[in-house]
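Step one of this worksheet: look at the structure below.
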There are 2 protein chains.
Amino acid sequence: MVGIQAARVSSVAQEAIDRCRVLAELSEEPGFTTRTFLSEPMRRVHARLRDWMVQAGMSVSTDNAGNLRGCYAADSEPARRLWIGSHLDTVPRAGAFDGVLGVVLGVALVELLAGRRMAFHIEVIGFSEEEGVRFGVPFIGSRALVGDADAELLARQDPAGTSIREAIAGFGLDPSRISERQLGKDALGYLEFHIEQGPLLEILNLPLGVVEAIAGQSRLELTFKGQANHAGTTPMALRRDALTGASEWIGAVERDACAVTGLVATVGRAEVSPGAGNVIAGTVRASLDVRHSDDVVRHAAVTRLLQCAEQIATRRGLTVSWERRLDQSAVAMDEDTTRILDRAVANAGFPVHRMISGAGHDAMIVARSMPAAMLFLRSPGGVSHHPDETVLAADVAAALNSGMRFLEELETRRV
Amino acid sequence: MVGIQAARVSSVAQEAIDRCRVLAELSEEPGFTTRTFLSEPMRRVHARLRDWMVQAGMSVSTDNAGNLRGCYAADSEPARRLWIGSHLDTVPRAGAFDGVLGVVLGVALVELLAGRRMAFHIEVIGFSEEEGVRFGVPFIGSRALVGDADAELLARQDPAGTSIREAIAGFGLDPSRISERQLGKDALGYLEFHIEQGPLLEILNLPLGVVEAIAGQSRLELTFKGQANHAGTTPMALRRDALTGASEWIGAVERDACAVTGLVATVGRAEVSPGAGNVIAGTVRASLDVRHSDDVVRHAAVTRLLQCAEQIATRRGLTVSWERRLDQSAVAMDEDTTRILDRAVANAGFPVHRMISGAGHDAMIVARSMPAAMLFLRSPGGVSHHPDETVLAADVAAALNSGMRFLEELETRRV
């Protein structure tokens with residue numbers, strides 16, 4: 001590994017960025033990057049990646065969940081298998097790096113090996129779906145890999161009435177054989193490179209962050225009900241204004257989250273009804289999104305915020321009710337593998353910064369079935385899910401250097 | 001007047017309520033009361049009212065603004081003219097009493113005169129339009145009466161592209177002659193009976209309220225802009241959340257209005273964008289409606305609330321901008337005529353309670369051209385603009401008794 005020149009890594013890093021830009025052109029929507037589960041442009045993404053994988057000495061196939069898989073064989077059999085991957089689908093009008101970068105960097109690492117074989121197979125996997133856009137359910141690709149693509153999932157329909165099963169068949173794959181190529185007992189671990197999609201690394205002036213957990217998430221919908229009434233004829237003291245009540249609560253949500261380290265709580269949607277300027281609001285429906293790496297902390301926060309909503313409603317003569325829409329536990333990355341990643345980052349010459357991912361990633365699904373680790377790359381401006389999303393070439397080189405040290409460390413262990 | 005039996009007034013009051021209920025059946029929408037400017041059901045409203053007016057001894061016509069006018073001649077000529085009226089149009093899915101009651105009570109008063117002629121003409125006017133529903137502009141009928149139905153008003157179009165001029169012609173009237181029957185120099189004054197559309201009289205356990213002014217009104221639209229961002233990856237301290245900023249301001253609006261006697265300030269509409277549960281709000285557009293009987297107080301409040309919005313925005317790294325949509329001055333009722341109304345209410349045996357109307361009424365337009373007075377009837381539950389809107393028969397009788405004393409007082413003055 002010592003033999004790899006910095007110039008070579010820089011060149012491969014720049015090529016990885018260029019490749020992400022090339023793939024971003026393959027879109028359902030001209031002028032933007034929009035690529036949902038097994039849509040037509042995904043065929044061309046697979047074709048480009050297949051070429052690059054083959055050039056790097058990998059054997060390539062597509063499994064029946066639509067995951068693109070490139071295997072770089074170990075120096076001898078039997079051998080265990082290291083997985084490196086991320087997803088190939090995008091949100092509508094996405095950037096060029098969310099997901100795709102993690103796949104392209106897997107291929108780039110194999111290229112940097114320059115034909116050298118390791119003690120373990122390296123399988124680079126481009127998951128077919130992670131964002132949940134087309135079918136309203138995320139992680140289709142990684143769920144299939146870990147054997148969780150059940151009949152209920154396959155029956156799910158997109159807004160056009162096409163099921164996941166039909167979409168897979170339409171892509172020329174066989175949904176009835178989706179479980180055939182799920183993860184084997186040879187799994188050594190999983191490594192995912194991903195852009196941070198947040199501002200923290202930039203603020204800390206760090207290229208990389210080692211993810212130690214993916215935050216758990218609660219999503220709820222609250223409904224505040226008061227009394228719609230005439231804005232001119234109803235004195236302030238006699239109002240039961242659902243919007244002033246909801247506003248008081250939104251302020252309390254913010255204060256509560258600010259007071260607890262690592263907690264984020266967001267009201268991102270609020271619908272006011274009847275919603276006329278001269279009518280006091282009768283009803284407000286508001287979303288609540290709460291995340292923390294510790295499920296106990298998160299559940300306690302949700303309980304507090306709901307109690308707070310009830311207190312505000314009672315004091316104001318309103319009612320409040322809620323529905324729980326999601327309660328997703330936090331997922332820890334594998335401690336041993338993450339420590340190897342720490343060392344790899346340090347040996348590559350970069351500060352080791354542990355962090356929590358506030359967003360969900362394929363790694364949280366894969367972590368159910370094998371040791372998973374995740375490396376964040378700085379997101380300039382914290383921008384993601386937007387055409388302006390980008391990465392710095394030096395950060396990509398840092399990730400590649402760290403990735404090579406990670407492979408080296410695993411090799412040293414002769415796993 | 002002393003000769004009118006309480007039983008007779010009660011009976012006429014009940015009949016007035018019944019008549020309002022009959023007219024409420026005449027609607028553009030089966031099962032609801034919806035009647036906009038010169039729509040087809042207005043013909044049947046005119047026909048029914050015309051019958052009742054003729055029975056009461058009035059001569060009836062429709063002017064070229066679509067106002068129904070019933071004249072009960074004075075005992076001799078020349079004579080001045082007392083106007084009694086309100087509007088015949090409704091909001092969508094309205095109640096049976098908003099507007100219509102004031103016209104029906106004018107007819108009822110003439111009936112109670114039982115053929116006796118006064119020293120002044122009584123002209124009962126059912127304005128064609130007050131709510132502003134069809135053309136987005138209110139007071140078409142009363143503006144025509146006071147000579148303010150200009151070419152710009154007549155050119156206004158409804159969503160179907162029909163102008164007010166065309167709607168008038170389509171009803172069989174002549175819009176080019178709209179100014180011919182505007183208010184003459186003989187005007188003695190204007191009296192409008194109207195439901196309160198608010199809760200105050202009910203809370204005070206009073207049947208009637210004497211309106212001394214119609215509050216001025218400011219309407220604005222504010223736009224708070226921050227930065228839309230990922231709800232999971234953006235720490236609380238790094239957010240520029242337009243919704244938490246707008247919420248803080250909505251709370252401040254409420255506290256400010258509560259602190260100033262007679263001030264009402266309402267945020268009735270708030271649109272959050274992008275409006276997804278897992279995305280921090282980037283933009284909030286919010287309405288602001290501020291009303292007070294004193295324009296100085298109202299303008300000072302608007303200035304304070306905008307300064308407050310700017311302070312909150314600056315502190316939070318947001319921007320805020322606004323558009324002023326309406327700045328309508330307060331309109332005082334005529335002091336002399338209002339004192340006569342006070343005495344009439346007192347002489348009829350009811351407490352005199354002066355109040356401010358928070359809603360606009362035809363009286364505020366008419367007040368530009370003649371002395372206007374206005375009497376509110378209690379709104380049970382404060383409910384209005386809703387099918388549940390109602391009145392108490394005893395309150396209607398109280399209004400009729402007070403109205404008769406009002407006529408008597410004017411007669412005594414031999415105006």
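The values are calculated or read from the model by the stated rules, or taken from the named source; none is laboratory data. Keep in mind the model is a prediction, meaning the values are calculated, not measured. Here Cβ is always computed from backbone atoms with ideal geometry, including for glycine, and neighbour counts include all displayed protein chains.
A few notes on this one:
- Residues being touching a Lys or Arg at 6+ places or on another chain (Cβ under 7 Å) and either more than 30 Å from A:D388 (Cβ to Cβ) or among the hydrophobic types (A, V, I, L, M, F, W, C) (or both) are entirely absent from the range A:299-311.
- Some residue of the range B:311-325 being more than 12 Å from chain A (Cβ to nearest Cβ), in a loop (DSSP other than H, G, I, E, B), modelled with pLDDT of 95 or more and touching a Leu at 6+ places or on another chain (Cβ under 9 Å): no
- Count - residues of the range A:23-42 that are surrounded by fewer than 15 Cβ atoms within 10 Å (Cβ to Cβ) and in contact (Cβ under 8 Å) with a residue 24 or more places away in the chain: 2
- A single entry from A:R285, A:R354 fulfils the requirement of being in contact with a strand residue (DSSP E or B) (Cβ under 9 Å, 6 or more places away or on another chain) and within 14 Å of chain B (Cβ to nearest Cβ): A:R285.
- Apart from one condition, A:Q227 fits all of (1) out of contact with any Phe, Trp or Tyr (no Cβ under 8 Å at 6 or more places or on another chain); (2) surrounded by 22 or more Cβ atoms within 10 Å (Cβ to Cβ); (3) not in a strand (DSSP E or B); (4) not aromatic (F, W, Y); the exception is (2).
Yes or no, residue by residue, for (1) of a type in the set (D, E); (2) closer than 24 Å to A:S10 by Cβ; (3) modelled with pLDDT under 95:
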| residue | (1), (2), (3) |
| --- | --- |
| A:M333 | no, no, no |
| A:D336 | yes, no, no |
| A:A348 | no, yes, no |
| A:P351 | no, yes, no |
| A:M374 | no, yes, no |
| A:R378 | no, yes, no |
| A:V383 | no, yes, yes |
| A:L400 | no, yes, no |
| A:G403 | no, yes, no |
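- Residue in the range B:382-391 that is within 14 Å of chain A (Cβ to nearest Cβ), of a type in the set (G, A, S), touching a residue at least 40 places away in the same chain (Cβ under 8 Å) and not in a loop (DSSP other than H, G, I, E, B) present: yes
- Restricting attention to the range A:108-124, the residues that are in contact with a strand residue (DSSP E or B) (Cβ under 9 Å, 6 or more places away or on another chain) and more than 16 Å from A:L375 (Cβ to Cβ) total 7.
- So A:V45, is it touching a Lys or Arg at 6+ places or on another chain (Cβ under 9 Å) and either at pLDDT 95 or above or polar (S, T, N, Q) (or both): yes
- Check on A:V302, under 28 Å from A:R285 (Cα atoms), surrounded by fewer than 16 Cβ atoms within 10 Å (Cβ to Cβ) and under 24 Å from the mean Cα position of the chain (by Cα): no
- Evaluated against (1) away from chain A (no Cβ under 14 Å); (2) farther than 21 Å from B:H46 by Cα, B:A144 falls short on exactly one condition, (2).
- Hits in the range B:202-213 - residues which are away from chain A (no Cβ under 14 Å) and either within 18 Å of B:D98 (Cα to Cα) or part of a strand (DSSP E or B) (or both): B:P207, B:L208, B:V210, B:E212
- Of note, A:M370 satisfies the criterion of being touching a Phe, Trp or Tyr at 6+ places or on another chain (Cβ under 6 Å), touching a residue at least 60 places away in the same chain (Cβ under 8 Å) and either more than 13 Å from every other protein chain (Cβ to nearest Cβ) or part of a helix (DSSP H, G or I) (or both).
- Answer from A:R354, A:R315 - the residue that is surrounded by fewer than 16 Cβ atoms within 10 Å (Cβ to Cβ), without any contact (Cβ under 8 Å) to a residue 12 or more places away in the chain and either over 28 Å from A:E77 (Cα atoms) or in contact with a Phe, Trp or Tyr (Cβ under 7 Å, 6 or more places away or on another chain) (or both): A:R315
- Qualifying residue in the range B:337-348 (condition: surrounded by 16 or more Cβ atoms within 10 Å (Cβ to Cβ) and not in a helix (DSSP H, G or I)): yes
- The range B:247-292, subset surrounded by fewer than 19 Cβ atoms within 10 Å (Cβ to Cβ) and in a strand (DSSP E or B), residue farthest from the chain's Cα centre (by Cα): B:S273
- Any chance B:V302 is in contact (Cβ under 8 Å) with a residue 12 or more places away in the chain, more than 11 Å from chain A (Cβ to nearest Cβ) and either among the aromatic types (F, W, Y) or in contact with a Phe, Trp or Tyr (Cβ under 8 Å, 6 or more places away or on another chain) (or both): no
- Residues in the range A:168-201 that are away from every other protein chain (no Cβ under 14 Å) and in a strand (DSSP E or B) were compared, and the one that is surrounded by the fewest Cβ atoms within 10 Å (Cβ to Cβ) is A:A187.
- Enumeration of residues in the range A:236-266 that are within 8 Å of chain B (Cβ to nearest Cβ), more than 16 Å from B:L243 (Cα to Cα) and free of Cβ contacts under 8 Å to residues at least 12 places away in the same chain: A:M236, A:A237, A:L238
- Test for A:D362: is it buried (at least 22 other Cβ atoms within 10 Å of the Cβ) and charged (D, E, K, R): yes
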